Amino acid sequence: MTSDVQTAETLLRASPLPLLEARILLGHTLGWSRTELITRSDRPLDAADIARFRALEARRVAGEPVAQLVGAREFFGLTFEVTPDVLIPRPETELLVETALNALAGLSRPRVLDLGTGTGAIAVAIASMRPDASVWALDRSDAALQVAQRNAAALLDAPRPGGPLHFTASDWYAALDPALRFDVIVSNPPYIANGDPHLAEGDLRFEPRGALTDGADGLSAIRLIVAGAAARFDASTGGVLWMEHGYDQAADVRALLTAHGFSDVRSERDLAGIERISGGRLPRRT
């Protein structure tokens, strides 16, 4: 083998990227699994494949998120399509899904509302674990809804007892059928305050700004969600609301929930020990 021959091993060794990222991009380029990158590591690569990998490598060095470069990200054991039109699903948001599923335990054929669905990760993950649940997923972005619909079609069995997911273009509750009532409402809304320096750092630079920040203090969307929840629960049964929020917003979100009549208000910590989500139960009102 001559010195100018490139293999998976030589490309990975020479890459300026962290090894895990380089492996993901090279595996995507070649259509190889991680195991194949090892077992076929000394196989000479075509010039076209090398050029495609180096183009992706350069874009990642420039800051583009790996999930956007490969068009996918795993969440809750499912692989979701990702585009620049949607927020990239993150591991800490799995806590929101787990907590919502706990709230659904014991309920038969529950109804779930996901506000600001983006990729559809939360709605689809819940629907995959609770095939009997009827799930509505709302987003004001038509482009995001198209991604979410493709993810639902690819990842959920059809037919399912709870029926297909219902996707609606809506600015929070605005376009939702006023007659609909839900058992559980979940949301990962834009909660980064306008001007937060994190918006100019890392992957966030390439994600849709409207999915990250409310353009205000980071709590305006959460205020709307909390204030409108009561009208979306059946007065005879009440309902549960859980939301993701920023690392320093838990106390403010708990105060909002309490002020709007929620009981059992609490926050849950993610694996990093950060109070990542807050929620509570609105008691029945009859």
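Every read-out reported here was derived from the displayed coordinates using simple, explicitly stated rules and does not represent laboratory data. Owing to the predicted nature of the structure, the values given are computational and were not obtained by experimental measurement.
For the chain, the mean residue ellipticity at 222 nm estimated from helices alone is -10500 deg cm²/dmol, where every DSSP H run of n ≥ 4 contributes -39500 (n - 2.57) and the total is divided by all residues, rounded to the nearest 500. The candidate values are (1) 10; (2) 22; (3) 16; the one derived from this structure for percent of Cα pairs over 37 Å apart carries the label (2).
Each residue of the stretch 43-49 was assigned a 3J(HN,Hα) from its phi angle through the Karplus expression (A = 6.51, B = -1.76, C = 1.60, θ = phi - 60°), giving 7, x, 9, 5, 4, 5, 5 Hz with x at Gly and Pro. Taken as Cα centroids, the stretch 95-133 and the stretch 226-277 sit 16 Å apart, rounded to the nearest whole angstrom. Helix 220-229 and the longest principal axis of the C-alpha atoms of the chain enclose an angle of approximately 50°. The angle separating the long axis of helix 250-259 from the principal Cα axis of greatest extent in the chain is about 20 degrees. Under 5 Å between amide hydrogens, built in the peptide plane, is the criterion, and for Ala72 it picks out Val82 among residues at least 5 positions away or on other chains.
Taking amide H as placed 1.01 Å from N in the peptide plane, the amide H of Val135 sits under 5 Å from that of Val112, His166, each at least 5 places away or on another chain.
Helix 142-155 and the long axis of the chain differ in direction by around 80°, with both axes built from C-alpha atoms.
Between amide H atoms placed 1.01 Å from N, distances below 5 Å from Leu17 occur with no residue 5 or more places distant or on a separate chain. Per-residue 3J(HN,Hα) values for the stretch 176-183, derived from phi via the Karplus relation 6.51 cos²θ - 1.76 cosθ + 1.60 with θ = phi - 60°, read 6, 3, x, 7, 6, 10, 10, 8 Hz in sequence order (x marks Gly and Pro).
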